[in-house]
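The values are calculated or read from the model by the stated rules, or taken from the named source; none is laboratory data. For clarity, every value in this text was computed on a predicted model and none was experimentally measured. Cβ placement follows ideal geometry from the backbone for every residue including glycine, while neighbour counts extend to all protein chains displayed.
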């Protein structure tokens with residue numbers, strides 16, 4: 001451990017070679033503070049959400065209303081943690097309707113940099129006014145929005161409901177995506193084998 005401002009801090013487990021704002025798919029696990037079973041319970045291999053679990057689900061489904069470049073993948077709420085696949089795309093790229101896609105008969109643009117002025121049929125252009133958001137911002141928003149709403153219900157303003165950190169994994173290929181997706185889907189059925197089981 002390394003000291004920072006006279007306090008020990010844990011080194012990050014994030015991939016130092018990767019920019020988490022890059023387009024891609026990420027497997028995320030976030031635990032509740034002290035792994036408290038806050039979101040419901042497992043019955044017969046199925047997750048039964050309580051009102052706080054429903055808040056988490058609603059906040060998850062609301063994220064695309066705040067972020068243009070998020071893609072919601074598989075998602076599973078467990079009693080004391082959540083698993084999800086989050087996709088990040090490039091919101092600065094404008095992709096036309098299928099009617100405008102190049103047919104292969106002539107190039108869409110012959111210039112080194114394509115802009116609306118030098119492109120045939122407005123194929124793909126960059127919108128510099130759009131901001132790309134990354135995984136950290138999505139997770140921060142999910143934790144913040146959900147905690148605020150849960151604390152309103154519990155009359156516990158300012159209480160932290162989540163662990164400070166979260167586990168992430170960069171998904172590198174389709175086979176890995178499918179394996180992780182199946183793990184998430186089957187997680188409630190294997191709850192008693194889960195490392196977060198309490």
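Can you tell me how many residues in the range 164-189 are touching a residue at least 24 places away in the same chain (Cβ under 8 Å) and either part of a helix (DSSP H, G or I) or crowded, with 17+ Cβ neighbours inside 10 Å (or both)?
12
Could you pull out the residue among 71, 85, 48 that is outside any helix (DSSP H, G or I), surrounded by fewer than 17 Cβ atoms within 10 Å (Cβ to Cβ) and modelled with pLDDT of 95 or more? Show your work before the answer.
Numbers: 71 fails: modelled with pLDDT of 95 or more; 85 fails: surrounded by fewer than 17 Cβ atoms within 10 Å (Cβ to Cβ).
After ruling out the rest, the residue left standing is 48.
Of the conditions (1) outside any helix (DSSP H, G or I); (2) in contact with a strand residue (DSSP E or B) (Cβ under 6 Å, 6 or more places away or on another chain); (3) at pLDDT 90 or above, residue 157 clears all except one; give me its number.
Here residue 157 clears every test but (2).
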